[in-house]
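Here, each number is a calculation from the coordinates, and none is a lab measurement. Keep in mind it's a predicted model, so treat the numbers as computed, not measured. Counting neighbours? That spans all protein chains shown, and the Cβs are built from the backbone with ideal geometry, glycine included.
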Amino acid sequence: MNRLLIISLCSWLLSGCDDTEAVIPTYEVRQQPFELSVPMKGELEAAQATAIGVPSRRPMTIAWLEQEYTQVKKGQLVAKFDAEQLSLDLRKEMLAIMLLEEDMKLNRESLTTAEQEVNVDKALVVKEFAFADEFSVDDLRVYSQLEIIENMQNKEYLGAKDEYLDWKKDSVVEQNTSAIDVIAIRKQGSQAKYDQIKMAMDTLEIRAPYDGMLVYESNWRGEKPAIGETVFPGRPIAKIPDMSAMQAKGFVLDKEAIDLAPGLPVSITLDAYPDQVFHGKVKEVAGFSRTISRNNPTKYFEVTVSLDDQSSRLLTPGRKLHASIKVSEGETRLTLPTQAIYSDQGVNFVFKQQGDQFVRQRIAVGQKNLFMVEVTEGLTEGDVIALAYKELL
């Protein structure tokens, strides 16, 4: 009897479980306030800061850096650059200048020698002309006609030779002068490089321009400077911020950056103090999205937020934060939960209740937040849909 009772009880429990599993949760579509918020993550920074960068016009390698967020005094050493490569480059350019000066000297000597040779040849031609004129007789009674013609041809040859020597002299001067000019230009280039390296050698140390907190400056990939890294002219490696005016700078996924614009309200919580909420407004939105990590192709929009309250001591540069940008102030829209929507080959649909059955209903969606989605086509207020009905998929 007890055995039969236990079997009956188990059967009843199993049947009850089947009935429970058969219940499909539903949701009635209705108009309700729809608040659209966009998440952002980032860190605090000063709205204004004095940048510290490479002091020369050459790439330089960082040899030492003061620790980030250190309070520094005016004139305190904050960074050193490596002199080894600069010393090698300096000697290389010095050697290049010496070799070019030797080349220039050789070309000048070659020009002088060539001019002297031409001048000697021209002097001989002048003497030959004088000799030919001195013994030139056009009288057929003294010389034969053939000898007179030969004498005339000799004068023509001497005239042509004199013209050739003039051309040769001009050509030698022009050729050697051009070579010397080219060498002079190359020497100027090497001298300019030498001067740049010498200037860089004289500015291997960077000191704080005034009292403040040292904050590293990230590059476009979000990477901060490190010892051994080569930095190029124009890139700041650190900054000393003005602590009286702070702001938040963060990143928003490009697919979530819906209707972002300056002036939107923002709620901010610091990761180190999650119970403290700060408020502000969007100050600036980047014009295009970009990657922020070398190994991650995901793109983000950079967003700058101004803070309403600047008095809190918790607001210091570098503190990580999470923020929520309120895009929509709670306008009434037709919405439904995100988990109720399915997609097949780019087509969104839900399971709409018709009597005791559920059928596919194609829909068009608009904006969405973390939990709800706006429905623009396919449903009307009062329709009942299944929240989870994977059996029909």
Cut-off 10 angstrom, C-alpha nodes, Gaussian network model of the chain. Which of Pro236, Pro25, Pro209 fluctuates the most?
Pro25
Taking the highest mean first, how do the peptides 355-368, 292-305 order by number of other beta carbon atoms within 10 angstrom per residue?
292-305, 355-368
The chain, Gaussian network, Cα under 10 Å: of Lys249, Lys122, Lys92, the residue fluctuating most is Lys122
What full-extension length gain, to one decimal in nm, is calculated for Asp344 and Ala261 as 0.36 nm per residue of separation minus the Cα-Cα distance?
26.6 nm
Compute the distance in nm between two label points, each set 7 Å from the Cα along the Cα-to-Cβ direction, one at Ala245 and one at Tyr164.
8.2 nm
What angle do you read, to the nearest 10 degrees and between 0 and 90, between the alpha-carbon axis of helix 2-22 and the longest principal axis of the chain?
50 degrees
Tally Lys/Arg at +1 and Asp/Glu at -1 over every other residue whose Cβ is under 11 Å from the Cβ of Ile363; what's the total?
0
Tell me, what is the FRET efficiency for Ser171 and Gln191 to the nearest 0.05, using R0 = 35 angstrom and their Cβ-Cβ distance as r?
0.70
Based on the alpha-carbon set only, what is the convex hull volume of the chain divided per residue, in Å³?
368 Å³
Sequence-distant aspartates and glutamates (8 or more away, or on other chains) whose Cα lies within less than 13 Å of Lys187
Glu93, Glu101, Glu102, Asp103, Asp195
Need the full-extension length gain, Glu156 to Asp181, defined as separation in residues times 0.36 nm minus the C-alpha distance. One decimal, nm.
5.3 nm
Among Leu379, Leu307, Leu44, determine the one that fluctuates most according to a GNM of the chain built with springs between C-alpha atoms less than 10 Å apart.
Leu379
How many angstrom lie between the Cα centre of the range 214-248 and the Cα centre of the range 311-373?
37 Å
Take the cross-link list Lys74/Lys193; Lys80/Lys198; Lys80/Lys224; Lys92/Lys224 and give me the ones stretching past 22 Å between alpha-carbons.
Lys74/Lys193; Lys92/Lys224
Relative to the chain, whose Cα atoms define the longest principal axis, helix 145-202 and its Cα axis are tilted in degrees, nearest 10, by 30 degrees
Grab the Cα-Cα distance for Phe371 and Asp308, subtract it from 0.36 nm times how many residues apart they are, and report the gain in nm with one decimal.
19.8 nm
Pairing the Cα long axis of helix 84-134 with the longest principal axis of the chain, what angle in degrees results, from 0 to 90 and rounded to the nearest 10?
30 degrees
